[in-house]
Amino acid sequence: MIPVLPVTRADGVAAIILGACAIAHIELSRGIERARKLTSGVGPFVDSLTLWDFAAVLVLPPAAASGLIVLTHTIAWLRVWRGRRPLYRWVFSDATVLLATQAAALVLLAGPGPNPGVPAGLGGLAVILVAAVLRWFVNYALVVGAILISSPGMRAGQVIGEFGEQIIEAGALGLGLGAAGLLNYNAWLLVGIVIGLLALHRGVLLAQFRTSSRTDEKTGLHSADWWHQIAERALDRARIDNTTLAVLMIDLDLFKNINDTHGHPAGDKVLRAVAQAIASEVRHDDATGRWGGEEFVVLLPGVDGRELGAIAERIRRRVHVLVVPITTDQGPKTVTDLTVSLGGALWPSLGLDTIDDVVLAADSNLYAAKGAGRDRVQLPQDLIPTETDEHPDQKRRQPDQS
């Protein structure tokens, strides 16, 4: 059992400083964290608060460290994950963090040096390394075990296949040790830790969003293949979290007329404008891609039918009021009165097992919207397919490479 150590005034000051840094980190990295989660697999998600959690274990009494972890993780839930991650999942994840924290605290209390405090010398460093490894192992094992138990159909390889990402956890633990040392030396220097961490987030953790192979050159949206990878991972997470997942297929009506009338450079400019309009009407952590030609696709985790319809209508109205300046042989002109047809699908639904099934259902509804006169939204509750309905494509339509 961990002995109860008194919390001194100095401990309170240290807790306030670490808490302020953690909260600043949460606020400044909200969008980045959501994007990281969107592209992560089904395995344990590397929490960016690990740095501050480990620093707290090193410099605070166990009770104060646990209280700080509960506070900062609650703020992270309210500011980042509420509505995007089930509450019970958050409670379990934070419970594993607390158990791992207590395990690390036991190692530190058994080692040389001040308690609480950063052990000195090579012996102290060895104790810190043991505490860090134990903290990681307890947290990782509990999360992986829970995923495998709650999803018996999930292969172990799917859960631990991205083990290499745990190097980020090792880096966070190392930075936590650095933060603990700076707190004792000069607390103001912790500002550098916050700034450096945000730079690493943007420059390394989200580098995949900046690679040309995953970005459509004409629109700046995700390429079709990269979007499909994101969607497959998101569906795996939705199964585990017992949440919903929606797909919107969007087609720019009569786009060929724009190319034929004004030329392909003008058409490309219209495509970019429509892509920006679509992206502006969805949430920051939704995934928007160009499916091919004049078709776009949006992945919307955690929405219900009402929200899906509202988002689709916003997109339709936003595109309709676009005014796109173009250059033609006859001089500057504008393209107006653009319309889009939208088809949506929501998982879980009967007959939708894979992301390709969801895409095909959304694509079928898109065809229905175009067949009903274009410039409209068709959702599952408006069109319920039956086994006798025959779509011209019974497989997922491949993106148009033109």
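Each of the peptides 73-79, 248-254, 135-141 was scored by the mean count of other Cβ atoms within 10 Å over its residues; in descending order, highest first, they stand as 248-254, 135-141, 73-79.
Within the range 277-376, the ratio Rg/Rh, alpha carbon atoms throughout and Rh by Kirkwood, equals 1.03. Determine which lysines satisfy two conditions relative to LYS333: a Cα distance under 30 Å, and not lying fewer than 8 residues away in the same chain. Counting by Cα, and skipping residues close in sequence, LYS333 has these lysines nearby: LYS218, LYS256, LYS269, LYS370. Taking 7 Å steps out from each Cα toward its Cβ at SER150 and ILE75 produces label points 2.6 nm apart.
In whole percent, how big is the carbon plus sulfur part of the accessible area of the range 14-152, probe 1.4 Å, protein atoms only? All intermediate terms of the calculation are to be shown ahead of the outcome.
Values: 3990 of 5330 Å².
Solvent-exposed carbon and sulfur of the range 14-152 make up 75 percent of the total.
Kirkwood hydrodynamic radius of the range 188-324, from the reciprocal of the average inverse Cα-Cα distance over all distinct pairs: 16.7 Å. Between TRP188 and VAL133, the modelled labels are 3.9 nm apart [label points 7 Å from Cα along Cα→Cβ].
For the range 218-260, the dipole from Cβ point charges (+1 on Lys and Arg, -1 on Asp and Glu) about the Cα centre works out to 120 debye, to the nearest 20.
Here the spin labels are modelled as points 7 Å beyond Cα on the Cα-Cβ line, and at ALA24 and LEU106 they lie 3.5 nm apart.
Computed over protein heavy atoms with a 1.4 Å probe, the carbon and sulfur contribution to the accessible area of the range 264-307 reaches 48%. Charge dipole (Cα centre; +1 on Lys/Arg Cβ, -1 on Asp/Glu Cβ; no other charges) of the range 239-286 amounts to roughly 100 debye.
Between the range 297-321 and the range 83-152, the C-alpha centres lie 41 angstrom from each other.
Taking only the Cα atoms of the range 223-264, how large is their convex hull per residue, in Å³? Before the final figure, lay out each step's value.
Working: hull volume 2.9 nm³, N = 42.
Looking at the range 223-264, the number lands at 69 Å³ per residue.
Using the 1.4 Å probe convention, the accessible area of the range 64-126 works out to 46 Å² per residue with neighbouring protein chains retained.
Just the number please: accessible area per residue for the range 248-379, 1.4 Å probe, all protein chains included, in Å². Please report the intermediate quantities before stating the final value.
Working: 5520 Å² over 132 residues.
Per residue, the range 248-379 has 42 Å² of solvent-accessible surface.
Its Cα centre serving as origin, the range 1-120 has a Cβ charge dipole (Lys and Arg +1, Asp and Glu -1) of approximately 520 debye.
The values are calculated or read from the model by the stated rules, or taken from the named source; none is laboratory data. Computed from a predicted structure; not experimentally measured. Cβ: placed from backbone, ideal geometry, glycine included. Neighbour counts: every protein chain shown. Note: accessible area is taken over every heavy atom of the protein model, side chains too, but ligands, DNA and RNA are not part of it. Shrake-Rupley method; radii C 1.70, N 1.55, O 1.52, S 1.80 Å.
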